[in-house]
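The values are calculated or read from the model by the stated rules, or taken from the named source; none is laboratory data. Please read these numbers as outputs of a predicted model, since none were measured by experiment. Cβ sites come from the backbone with ideal geometry, for glycine too, and all protein chains shown count toward neighbours.
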Amino acid sequence: MIIVKLMGGIGNQMFQYAAARRLAHVHGAALKIDLGWFENCKADSPRPYELHTFPINALIASEKEIARVKNTGKKGLPGWLMRLFNAADQRRTKGLIMEKHFHFDPEILRSPDNVYLDGYWQSEKYFKDIAGIIRTEFTITIEPDDKNRQMSEMIGRSEAVSLHIRRGDYVANPVMNQFHGLCSLDYYRKAMEMIASRVGYPHFFVFSDDPAWVKENLASAYPITFVDFNGPEKAYEDMRLMSLCRHHVIANSSFSWWGAWLSDNPGKIVIAPARWFKKEDIDTRDLVPERWTRI
């Protein structure tokens, strides 16, 4: 049995599931998800569980299953003694596997059965060898409403480029802003020009959690459509529309990362920010696939 801790927004949840799904697939093991973070969330930016919109191959883990697999072998020791164990020992004892660092850790691919994954696992290298399975299980099965159906048809008729501007808690929450930072308007201008230099007649479809700000501040010399009708409760609809676009300009956001990754256009151009976090000490070398362009 593989159990994975889910946390964060839909993009983070997808990374966590995908890494665990690959490990379960290799071992022919059952995959179960721990939803405790959502029930006890005290994060700076709380999120709901959102993978229910996908036909994922996992069940919800019980507290007993989590305790059994996650057991570090030190149960019953007083807290002060637990803290004497070094960080590496706490990361990998019995079934508990905690993410050591942000960049890809190849040891995770060799993990045994009966483990509990606790981390973000933000690299396709954790699941690249089962990409087909992941794409199938991240296919949204909910029928789109009329607005989204019409927008998908419009996207299909054009040289569509998804462009995602993440603001929301990156602006409103000081802690999130200090950690993540924002992609500048200059980044988007350069990305649009780069796309236009390589694609004839691009049509930009803009997705944002702050559409009013974007409409006021993002200028374009090319056709542009603002997709502003879904809202946070239908984030999966925006992701589906993104994935239908032929090319992509993503934000420093796992949400648009997945929108671009799920696109099945073999000749797609994906522009991503060179700097993913405001904090400079986080190694993001494995976050953006090498075939994408960072500027």
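Taking the stretch 206-235, which residues are closer than 21 Å to ARG135 by Cβ and at pLDDT 95 or above?
Scanning the stretch 206-235 gives a single hit, PHE207.
Hey, does the stretch 188-198 have a residue that's surrounded by 19 or more Cβ atoms within 10 Å (Cβ to Cβ), under 19 Å from SER158 (Cβ atoms) and in contact with a helix residue (DSSP H, G or I) (Cβ under 6 Å, 6 or more places away or on another chain)?
So far as the stretch 188-198 goes, no, none of its residues is surrounded by 19 or more Cβ atoms within 10 Å (Cβ to Cβ), under 19 Å from SER158 (Cβ atoms) and in contact with a helix residue (DSSP H, G or I) (Cβ under 6 Å, 6 or more places away or on another chain).
Can you work out which of the residues in the stretch 271-284 that are under 16 Å from the mean Cα position of the chain (by Cα) and more than 21 Å from MET194 (Cα to Cα) is modelled with the lowest pLDDT?
PHE277
Need the failing condition index for ALA67 against (1) modelled with pLDDT under 95; (2) closer than 20 Å to GLN16 by Cβ; (3) of a type outside the set (Asp, Glu); (4) part of a loop (DSSP other than H, G, I, E, B), just the number.
Every condition holds for ALA67 apart from (4).
Can you find, within the stretch 1-48, the residue that is surrounded by the fewest Cβ atoms within 10 Å (Cβ to Cβ) among those that are closer than 22 Å to GLU63 by Cβ and among the β-branched types (Val, Ile, Thr)?
ILE33
Do we find that SER62 is in contact with a Lys or Arg (Cβ under 9 Å, 6 or more places away or on another chain), hydroxyl-bearing (Ser, Thr, Tyr) and either more than 21 Å from ILE2 (Cα to Cα) or modelled with pLDDT of 85 or more (or both) in this structure?
Yes, satisfied.
Would you please name the residue that is surrounded by the most Cβ atoms within 10 Å (Cβ to Cβ), looking only at residues in the stretch 132-150 that are within 17 Å of the chain's Cα centre (by Cα) and in a loop (DSSP other than H, G, I, E, B)?
So the residue we want is PHE138.
Can you find a residue that is at pLDDT below 95, among the charged types (D, E, K, R) and surrounded by fewer than 22 Cβ atoms within 10 Å (Cβ to Cβ) anywhere in the stretch 236-247?
Scanning the stretch 236-247, I find no residue that is at pLDDT below 95, among the charged types (D, E, K, R) and surrounded by fewer than 22 Cβ atoms within 10 Å (Cβ to Cβ), so the answer is no.
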